[in-house]
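These notes are about the structure you will find just below.
The values are calculated or read from the model by the stated rules, or taken from the named source; none is laboratory data. Note that the structure is a prediction, hence the values are computed from the model and not measured. Cβ placement follows ideal geometry from the backbone for every residue including glycine, while neighbour counts extend to all protein chains displayed. Accessible surface is based on the protein model in full, side chains and every heavy atom, while ligands, DNA and RNA are left aside. Shrake-Rupley method; radii C 1.70, N 1.55, O 1.52, S 1.80 Å.
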Amino acid sequence: MSNVKHAIKLNYDTEWEYAPAPESTDHISLKDRYDLFIGGEFVAPKSGVYFDTINPANEKILASVAQAGAADVDRAVKAARGAYENVWSKMKPAERGKFIYRIARIIQERAREFAVIESMDGGKPIRESRDVDVPLAAAHFFYYAGWADKLDYAFPHKTPKPLGVAGQIIPWNFPLLMAAWKIAPALACGNTVVLKPAETTPLTAMKLAEVIQAADLPPGVVNIITGDGSTGASIVDHDGIDKIAFTGSTDVGKIIQRAVAGGDKKYTLELGGKAANIIFDDAPIDQAVEGVVNAIFFNQGHVCCAGSRLLVQESVAEEVVTKLKERMQTLIVGDPMDKNTDIGAINSAAQLERINAYLELGQKEGAAMYQAGGKTPKKGYWCRPTLFTDVSQSHRVVREEIFGPVLAIQTFRTLDEAVTKANNTQYGLSGGVWTDKGAKIFKVGQKIRAGVIWANTFNKFDPTSPFGGYKESGVGREGGLHGLSAYLNLH
Ligand code: NAP
Ligand code: MG
C-alpha cells in the first residue's frame, strides 16, 4: 500500500504537519434517493419507506435509500428465480463469463468514483478504498469470470450444477468488496442473486446496480435491495432461496444458522474474529511494528480478520511497545478524503458507542490504556488508536471482538505458550506470525486454529485464495476454488 506523505513543516516539539491532500468529490454523482434494484430496474419499495445514509466523517446526509419489506424481498426472489430458470442457468457458461468480465471492466473504469463513494458512505480512508477495496473487487469479478466456462476442470469427475437463487447479506466494513465476493462466484456458477448491503453503507452497492445495468445483464440475474436487519431476516426465511451467504457478526450468524436448521438451504457464514499477531524475539522489529499498525489501526480496526491481539515475546516486549507507541503518535486520524489520513471515521454512531464502551470496560477491568494524542474533527465519529496492556486472557477486551482501532497486548515466553494463548478464543479467522525462522512459521502456522495465517505480513488478500473461519468465525470458505464449490451442487 502506498503511503506517500507530503511533509511541509517539521514541528520538533510535537509532530509532523502535513499539507491537506483531499481527493476531489466533484466527479461523482449521487441521486437524492435510491430505489430497489429488482428485475433489472429501479423500483420503489412497496412499503413506501426510505431511510437516510450519512457520511460518518461529517454526519451529513448523502442520500435516502429504500427499506425493503417482506413483499419487496418476495418480488426480488421471484425476479431472481425467473432469471435463473429462463435465462441464466441455460446460458452457455462462456457467455456468462463475458457478462462477469464486463462488470469487472466497468468497475475498473469507474474505480475513482467507487473509491470516493465508498469513503464518503463508510468513513474509510480514500487510500484504503482506492488501493484495496476497489481493485480487489474488480479482481474478484475478473477471477471468477475466468472460471465460468471451466467448472468441469475445476471439479474433475463431478457434474457441477448451480444451486439456484442465492440470498446474500453483507456488512458495512468492505461494502463493495463483500458484494464482489458474494456476487462474482455465484454468477460464475450459474446462480442468480438477491443481495442486501448493510444499512449504513448501501451506496456502492446501488452504484454496482448501475454497473450491472450498464453491463446489460439479463434482468433479475442480480437484484440489490436495501434495508435493515429485518430485510436480511426476510431473505433468510424466504422459501424461494436455495443458498444463504452471510458475512457479519457471530451473533447474527447464529440466528441465521438456527433459522435454516432442518431445511435444505445451503449456507456459508463469514463471521467475527479476534486474531493474534505473534512477534518472536528474532523478528525484524520495525517491520513487525508496522505490520501490527496495519493489522489493527488502518481501516479503523473495522476488519473481521484484524490483528486485535498482540502476543509479544517477553524479551522484546518493551522495545515493541515503545516503538508501537511512537508510531501511533504519527498516525493521522481524520478526514477520510485526505490522502494523508491513516485512520478515518468510525462507521456509525452506534459503532463508536460500542467501541467507547469497551474502552471504559477495559479500564474498569484494570487494564492500562494508552491512546495516541492529537485532535479529531468536531463533527463525525472518531476513535484515536488505542492500546491495552496489563491484560490477561480473562479480560473482555482480550476475548471479545471490539471492531475498532483497539489493540490488547500480552506477552509470552515460549512458542507453546504463544500458541496456547493465540488459540484461547472462541474465534479462529486469522493470525499473524513475525519471526526470522521459517521453521517457526511452519510450526506456529500448523498449530494455530484459524483460516488464514500471515507470516511477516498481515491483511494480504487475493481472489485465488480461500478465506474463512474455524470455530465461531464461520462456516464454509469464500475465494478461490473453495468459493466456487460453495455455489455448486457437486454430485
Ligand atoms: P451484523 O450486524 O451481523 O450485520 C451484517 C448484515 O446482516 C447487515 O447487512 C445487517 O443489516 C444484516 N442483519 C442484521 N440482523 C439480521 C438478521 N437477524 N437476519 C439477517 N440479516 C441481518 O454485522 P455488522 O455489524 O454489519 O458487521 C460487523 C461484523 O461483521 C463483525 O463481527 C465482523 O467481524 C464481521 N465480518 C466478518 C467478515 C468475514 O469474512 N468473516 C468480513 C467482514 C465483517 P443492517 O446493516 O441493517 O443491520
Ligand atoms: Mg453511510
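G227: away from ligand 2 (no atom under 16 Å from the Cβ) and of a type in the set (G, A, S), yes or no?
Working: away from ligand 2 (no atom under 16 Å from the Cβ): no; of a type in the set (G, A, S): yes.
No: the conditions fail for G227.
Pairs are defined by a Cβ separation below 8 Å, a sequence spacing of at least 6 or placement on different chains, a first member in region 386-404 that is on the phi > 0 side of the Ramachandran plot, and a second member that is open to solvent by less than 30 Å² (accessible area, probe 1.4 Å) and modelled with pLDDT of 95 or more; the pairs so defined are D390/A367; F403/N173; F403/G272; F403/G301; F403/H302; F403/A306; F403/Q351; F403/I355.
Restricting V293, V303, V321, V333 to residues that are among the β-branched types (V, I, T) and within 14 Å of ligand 1 (Cβ to nearest atom) narrows the list to V303.
Quick check on my filter: what residues within region 292-302 are open to solvent by 10 Å² or more (accessible area, probe 1.4 Å) and either within 16 Å of ligand 2 (Cβ to nearest atom) or at pLDDT 95 or above (or both)?
N294 - this is the single residue of region 292-302 that is open to solvent by 10 Å² or more (accessible area, probe 1.4 Å) and either within 16 Å of ligand 2 (Cβ to nearest atom) or at pLDDT 95 or above (or both).
Test Y84 against the stated conditions and say whether it is among the hydroxyl-bearing types (S, T, Y) and open to solvent by 50 Å² or more (accessible area, probe 1.4 Å). Criteria not met by Y84. What about A295, is it in a helix (DSSP H, G or I) and within 15 Å of the chain's Cα centre (by Cα)? When the stated conditions are applied, A295 passes them. Would a scan of region 324-343 turn up a residue that is hydroxyl-bearing (S, T, Y) and more than 25 Å from T389 (Cα to Cα)? Yes; the residues of region 324-343 include at least one that is hydroxyl-bearing (S, T, Y) and more than 25 Å from T389 (Cα to Cα).
As an exercise: evaluate A70 against (1) more than 16 Å from ligand 1 (Cβ to nearest atom); (2) open to solvent by 50 Å² or more (accessible area, probe 1.4 Å) and give the number of the one condition it does not meet. Failing condition for A70: (1).
Let's see how each residue does on (1) surrounded by 15 or more Cβ atoms within 10 Å (Cβ to Cβ); (2) charged (D, E, K, R); (3) touching a residue at least 24 places away in the same chain (Cβ under 8 Å); (4) within 28 Å of G248 (Cβ to Cβ):
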| position | (1), (2), (3), (4) |
| --- | --- |
| V316 | yes, no, yes, no |
| M337 | yes, no, yes, yes |
| I355 | yes, no, yes, yes |
| Y370 | yes, no, yes, no |
| T376 | no, no, yes, yes |
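Scan (1) under 24 Å from A350 (Cα atoms); (2) open to solvent by 30 Å² or more (accessible area, probe 1.4 Å); (3) in contact with a Leu (Cβ under 8 Å, 6 or more places away or on another chain) for the single condition F403 breaks and write down its number. (3) is the only condition that F403 fails.
Here V252 meets each of (1) touching a Phe, Trp or Tyr at 6+ places or on another chain (Cβ under 9 Å); (2) in contact (Cβ under 8 Å) with a residue 40 or more places away in the chain with one exception, condition (2).
Has region 227-243 got at least one residue that is assigned by TED's automatic domain parsing to the domain that holds G190 and under 30 Å from H27 (Cα atoms)?
Taking every residue of region 227-243 in turn, at least one turns out to be assigned by TED's automatic domain parsing to the domain that holds G190 and under 30 Å from H27 (Cα atoms).
For first residues located in region 10-29 and under 15 Å from G374 (Cα atoms), partners that are at pLDDT 55 or above and lie 6+ apart or on another chain with Cβ distances below 8 Å form the pairs N11/E17; E15/Q329; E15/T330; E15/G374; W16/T330; Y18/I332; Y18/N340. Among the residues of region 167-215, those that are of a type in the set (S, T, N, Q) and either within 16 Å of ligand 2 (Cβ to nearest atom) or more than 22 Å from V87 (Cβ to Cβ) (or both) comprise N173, T200, T201, T204.
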